[in-house]
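> Structure provided below as structure tokens; questions to follow.
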Amino acid sequence: MTIDLAWFVNQDFVRETLGHIQAVNTYRQRLEANLCQRFDDPTWQAMVDLGYLVDTLRAACFDAYWYKQTSNNPAAQAHLEKAVKIRNQQVREAMRWL
């Protein structure tokens, strides 16, 4: 479930318009309402962190590939480097649940 959330909130347009925290909170509220089940905070955090881990494993290879392919475009490389740093942090946060 949170794999979709991770993909969604990692999109630039979501971070720029809705914001990361608000997107996560809205997703949680809708998921809890649709399942008629409340998640405690540690369980929810584990779900979010593991969702980010799966999304990172899916996407990081593309970021690395495009980073190498855009060596003549410093702006693109800076954007991709920022994305890789975010994904690195997400992996570190998910490691505690494994």
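> So how many residues does the range 38-54 have that are acidic (Asp, Glu) and farther than 9 Å from residue 94 by Cβ? Give the steps one after another, and end with the answer.
Step one: filter the range 38-54 for residues acidic (Asp, Glu), giving 40-41, 49.
Keeping just the survivors that are farther than 9 Å from residue 94 by Cβ gives 40-41.
Total meeting the criteria: 2.
> Only residues that are in a helix (DSSP H, G or I) and either in contact (Cβ under 8 Å) with a residue 60 or more places away in the chain or surrounded by 12 or more Cβ atoms within 10 Å (Cβ to Cβ) (or both): list them for the range 26-44, please. First the steps, then the outcome.
Let us first name the residues in the range 26-44 that are in a helix (DSSP H, G or I), namely 26-35, 41-44.
Of everything in the range 26-44, those that are in a helix (DSSP H, G or I) and either in contact (Cβ under 8 Å) with a residue 60 or more places away in the chain or surrounded by 12 or more Cβ atoms within 10 Å (Cβ to Cβ) (or both) turn out to be 26, 27, 28, 31, 32, 44.
> Can you tell me how many residues in the range 9-24 are outside any loop (DSSP other than H, G, I, E, B) and either in contact with a strand residue (DSSP E or B) (Cβ under 7 Å, 6 or more places away or on another chain) or surrounded by fewer than 17 Cβ atoms within 10 Å (Cβ to Cβ) (or both)?
9
> Can we say residue 93 is farther than 13 Å from residue 3 by Cα, surrounded by 13 or more Cβ atoms within 10 Å (Cβ to Cβ) and over 18 Å from the mean Cα position of the chain (by Cα)? Write out each step before concluding.
Working: farther than 13 Å from residue 3 by Cα: yes; surrounded by 13 or more Cβ atoms within 10 Å (Cβ to Cβ): yes; over 18 Å from the mean Cα position of the chain (by Cα): no.
Taking the combined requirement at face value, the residue does not satisfy it.
Throughout, read-outs are computed from the coordinates displayed, never taken from laboratory work. Just so it is clear, the structure is predicted and the values come from calculations on it, not from any experiment. Ideal geometry is used to build each Cβ from the backbone, glycine not excepted, and the neighbour counts take in all protein chains shown.
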